[in-house]
Amino acid sequence: MNTDFIEALHEIETTKGISKDILIEAIEAALISSYKRNFNTAQNVRVDINRHTGLIKVYARKTVTEEVLDPRLDISLDAARDINPNYQLEDIVEIEVTPKDFGRIAAQTAKQVVTQRIREAERGLIYNAFIEKEEDIVTGIVQRQDTRNVYVDLGKVEAVLPLTELMPNDKFKHNDRVKAYITKVENTTKGPQIFLSRTHPGLLKRLFELEVPEIFQGVVEIRSVAREAGFRSKIAVYSRNSEVDAVGSCVGPKGTRVQTIVNELRGEKIDIVRWSESVEEYVANALSPSKVLEVNVFEAEKMARVIVPDYQLSLAIGIKGQNARLAAKLTGWKIDIKSEAQAEQEYGREKTYTEELPQDSVSFD
């Protein structure tokens with residue numbers, strides 16, 4: 001190796017961000033192993049690469065002893081003082097043992113080490129870039145699919161989208177663009193591995209952050225998300241500014257903002273409800289699109305008993321209990337829904353509800 005090699009390492013340091021000194025130290029360590037392997041020796045050696053010229057030398061390191069037990073490791077005091085009269089017992093003597101054809105081995109070893117270090121550095125850069133995007137949304141290109149996963153090209157790395165993380169109505173083919181949520185980033189021996197999801201509630205939250213400037217700016221806040229991917233979702237929003245309508249901001253002009261999200265989620269129904277400090281009001285809003293007459297809160301059980309008009313009972317519960325289930329997830333309260341007739345029968349109360357509770361929510365599909 002020569003000055004061209006040193007210049008090449010300097011260029012790698014500049015373009016790849018890998019320290020030249022770290023590369024040289026790694027090459028020196030690798031050359032020690034190569035020397036012992038190729039020349040079948042067990043002696044203790046040191047490899048030195050000149051940082052300016054690239055010249056490589058191999059030195060055998062021997063300990064000065066009174067009695068030489070192993071000539072590969074020991075040297076007598078007299079022999080050591082023939083080299084330098086200042087040597088004392090237990091000193092280390094270095095004797096150059098550079099083989100004539102060591103340059104070829106050194107060049108091959110250096111290439112392997114540099115290539116490996118560049119690969120490791122690039123993997124590190126990719127990992128660092130994507131670990132910052134964990135729990136964020138990315139857009140990629142579908143490359144292929146097997147029995148377990150869809151593989152998505154994110155530019156510098158291929159991410160894994162398990163089939164179990166696809167929505168029921170997701171159908172992708174080669175070169176389709178897909179938005180997904182990064183659930184996990186792992187640094188493996190084969191490089192960074194990124195796992196994606198299309199069913200995670202975080203995907204819905206990030207889509208709203210992308211489409212609604214008021215959320216991105218922090219004026220409108222997403223307080224809770226409940227989702228049954230591909231079917232229905234509920235999102236509770238709150239405005240920090242009394243002059244900004246949280247629900248209206250998410251809906252957008254003529255529903256354009258929320259409709260963009262519905263389209264991205266393949267027609268998934270989305271209920272946008274206003275978050276409230278009042279549990280009664282929040283639970284009533286969460287049961288959208290059903291109308292609510294009364295909400296009774298039981299703090300000890302963290303349960304809310306909701307009374308709805310007789311004709312709204314099935315709507316409040318939803319198909320297979322979906323609406324009630326999502327409302328419970330959204331609010332964090334158990335919800336017991338009764339019709340007016342059921343309330344009268346079970347609690348001995350007359351139908352005295354003449355007005356529905358005010359609700360602030362909107363549904364889109």
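Bear in mind that the values in this text are calculations on the coordinates, not laboratory data. No experiment lies behind these values; they were computed from the predicted model shown. Reconstructed Cβ throughout: ideal geometry from the backbone, glycine too, with neighbour counts over all protein chains shown.
Shown is the FRET efficiency for Ser242 and Glu346, computed with R0 = 56 Å from the Cβ-Cβ distance and rounded to the nearest 0.05: 0.90.
Beyond 27 Å, the tail of the calculated P(r) for the range 202-364 holds 24 percent of the Cα pairs. For the range 77-180, the Kirkwood radius over C-alpha pairs fed into Stokes-Einstein at 37 °C and 0.692 mPa s yields D = 170 µm² per second. Applying a DSSP loop filter and a limit of 15 other Cβ atoms within 10 Å to the trypsin sites (Lys or Arg not before Pro) in the range 10-63 leaves Arg51. Peptides 224-235, 304-315, 87-98 ranked from most to least packed, by the mean per-residue count of other Cβ atoms within 10 Å: 224-235, 304-315, 87-98.
Measuring between alpha carbons in the structure, the pairs from Lys184/Lys320; Lys205/Lys329; Lys36/Lys100 lying more than 24 angstrom apart are Lys184/Lys320. Considering the convex hull of the alpha carbon atoms of the chain, report its projected area averaged over all viewing directions, in nm², one decimal. Directional mean of the projected Cα hull area for the chain stands at 31.6 nm². What does a probe at Asn128 reach in the range 139-157, counting residues whose amide N is under 20 Å from the point 7 Å along Cα→Cβ? Those under the cut-off are 155-157.
Computed on the Cα trace of the range 3-126, the radius of gyration divided by the Kirkwood hydrodynamic radius gives Rg/Rh = 1.09.
The residues neighbouring Val45, those whose beta-carbon lies less than 13 Å from its own, together hold a net charge of +3 under the Lys/Arg +1, Asp/Glu -1 convention.
Among the GluC sites (Glu not before Pro) in the range 279-338, those located in a DSSP loop and surrounded by at most 15 other Cβ atoms within 10 Å of their own Cβ are Glu299, Glu301. For the range 314-339, the residues whose amide N sits under 15 Å from a probe point set 7 Å from the Cα of Val297 along the beta carbon direction are 331-336. The chymotrypsin sites (Phe, Trp or Tyr not before Pro) of the range 14-76 meeting both criteria, a DSSP state outside H, G, I, E and B (loop) and at most 14 other C-beta atoms within 10 angstrom of the site's C-beta, are Phe39. Extension gain for Asp78-Val97 works out to 4.8 nm (0.36 nm per residue, less the C-alpha to C-alpha distance). The sum of -39500 (n - 2.57) across all DSSP H runs of n ≥ 4, divided by the residue count of the chain, sets its helix-only mean residue ellipticity at 222 nm to -11000 deg cm²/dmol. For the residues Asp271, Asp146, Asp101, a GNM of the chain with alpha-carbon springs under 10 Å puts the largest fluctuation on Asp101.
Between Glu135 and Glu13, the contour length at 0.36 nm per residue exceeds the alpha carbon distance by 40.7 nm. Applying 1/(1 + (r/R0)^6) with r as the Cβ-Cβ distance of Ser314 and Arg177 and R0 = 35 angstrom yields a FRET efficiency of 0.35.
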